């Protein structure tokens, strides 16, 4: 549960803090990767946030045992891809390197579809582990991903905003799933030892 809360908090705190300390940075137009680029003035902030987020995804994937293994594997792949993105930043702020873009898109795709394959067809499964939840979530992620790609193709006027929408949604879904799976134990009612 802690890792599920860390993912969105680390990610959003990272880009808000790094963006606020980078002169001339435009969060609507500029990508999150620009904050962790090799020549970014405070790249360590966003790099730390990406590492924390990637590790959180890995911890969630390992700990989310009630979910199907394929979905957990995709979530873990998204975590590994996020760590690789942090390890191989773009060299310069406006330019994207292939070494950074491959894990970026690998993370985008795996974190968009993992919830569609976590369902387990068992009686009494929580709502978040039923096929309909995963399918609806994956469709929403796919739409956000297509909107992001469409902006990239048309010049990227709102790239930063669209990327943040997708990243925020992707980081919140694991939290929703974990909260939906965790069941608080019901209080134990003890019968008195002796009637009366």
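The values are calculated or read from the model by the stated rules, or taken from the named source; none is laboratory data. Please read these numbers as outputs of a predicted model, since none were measured by experiment. For neighbour counting, all protein chains shown are included, and Cβ atoms are generated from backbone atoms with ideal geometry for every residue, glycine included.
Before moving on, here are some points about what is shown:
- For residue 26, the test of being under 24 Å from residue 2 (Cα atoms) and in contact (Cβ under 8 Å) with a residue 40 or more places away in the chain is failed.
- Single match in 13, 47, 53 (criterion: surrounded by fewer than 19 Cβ atoms within 10 Å (Cβ to Cβ) and in contact (Cβ under 8 Å) with a residue 24 or more places away in the chain): 13
- Per-region count, the range 153-164, residues surrounded by 14 or more Cβ atoms within 10 Å (Cβ to Cβ) and not in a loop (DSSP other than H, G, I, E, B): 6
- Subset of the range 22-35 that is touching a helix residue (DSSP H, G or I) at 6+ places or on another chain (Cβ under 7 Å) and outside any helix (DSSP H, G or I) - its residue that is surrounded by the most Cβ atoms within 10 Å (Cβ to Cβ): 31
- Residues in the range 65-79 that are surrounded by fewer than 22 Cβ atoms within 10 Å (Cβ to Cβ) and either over 16 Å from residue 105 (Cα atoms) or at pLDDT below 95 (or both): 65, 66, 68, 69, 70, 72, 73.
- Residue check for residue 59: farther than 21 Å from residue 5 by Cβ, touching a residue at least 40 places away in the same chain (Cβ under 8 Å), touching a helix residue (DSSP H, G or I) at 6+ places or on another chain (Cβ under 6 Å) and surrounded by fewer than 21 Cβ atoms within 10 Å (Cβ to Cβ): no
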